C-alpha cells in the first residue's frame, strides 16, 4: 500500500487522461484480481462524478431507487438499515425519501473518505439528516454481529471478483434479518456483458457461493432496472436465521480489528477494551483497520 500511495501524483495524471486506474494498478502488481487498495485509490479519485452524473440525468437512478424501495418495503418493518459501499450516497438518499417507513437508525460506509464527504453533501441536499456515514472496509466492517436489521449493497461487491465468499460471510455476519444484494448479474448476462465483467475483475459467482454457504436465498432474479446495459443488475435476497441471538446494543459500531465496542470520545472513536483509537476527519469517522492508532492511555486524558 505504501508504494501505491507514493504513486498518487502519477495516478492523478492517468485519471485526468481518463485512464482506468484500477486496471493500471492491478497490472503494475501483476495481479489477476483487484485489491482493496486499488479500489480505494480509484474510487477516491472518482469522488463527485456520480453526483455529477446523477444531476445531468437523474431518471435512471430515480427509477432504480423506486424499485429498490419497493423491495425493501416488502420485507416488513425495519428498525435499522445499512448500505455497504454507499459511494456518494446518491442511491441511499433517493431510496430514503421514497420509503414510506424509514428505519430509525440508518448507517452507511465506503472505502473512500472523499466519496463520504460528497455523500454528506448529497444527503443534505435531499433533506436527509439522520444517516451515520463513515469509512470502512467491507471485508473487515466495524459493525457488531447481528446488529443491523437489513444490510444491502448496490454494485459495491462488484469489483471484488474472486472474493465473493469473503464478502458474503461478512455481510451476513452483521445482518439481523436480511441481506439484499443488487450486484452484477453474471448468470443473467449475455456473452458481451460477461466478457466485460471478467475484464474488469467483477464478481461472477455470488449466487452459487451463497448456496454453498447454506444461506437461505428467498429471491434471486434479474432486477427491473440496470444503470448500464453491459452490466445488468441481479437481485438476491438472503433471509437470516430467525432463531439467531439478537444484538441488543443500541450502538452497532465496533473496532474493525478487535470487534470490541467503539464510542465517540472527543475527536476520535475509542475502544477501551481494544485500546485502539480511530480519528474523525472533517466529521467523517475513519474506521478502516489501517486507521487504528494504538492508544493504551487514551482515557487518562479524557
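Every number in this text was worked out from the coordinates using simple rules, so none of it is lab data. Keep in mind the model is a prediction, meaning the values are calculated, not measured. FYI the Cβ positions are ideal-geometry reconstructions off the backbone, even for glycines, and counts take in every protein chain you see.
Quick notes
- Highest average packing first - 279-292, 205-218, Cβ atoms within 10 Å: 279-292, 205-218
- Cα-based shape type of the chain, given that a ≥ b ≥ c are square roots of the gyration tensor eigenvalues and the cut on a/c is 1.5: rounded
- Per-residue ellipticity at 222 nm, computed for the chain from helices alone with -39500 (n - 2.57) per DSSP H run of at least four residues, works out to -10000 deg cm²/dmol.
- Distance from the alpha carbon centroid of region 126-141 to that of region 32-109 works out to 10 angstrom.
- Cα centroid separation - region 162-211 against region 277-302, whole Å: 32 Å
- Using 0.36 nm per residue and subtracting the Cα-Cα separation, the extra length available between residue 282 and residue 222 on full extension is 17.7 nm.
- With a Förster radius of 22 Å applied to the beta-carbon distance between residue 23 and residue 290, the computed FRET efficiency rounds to 0.40.
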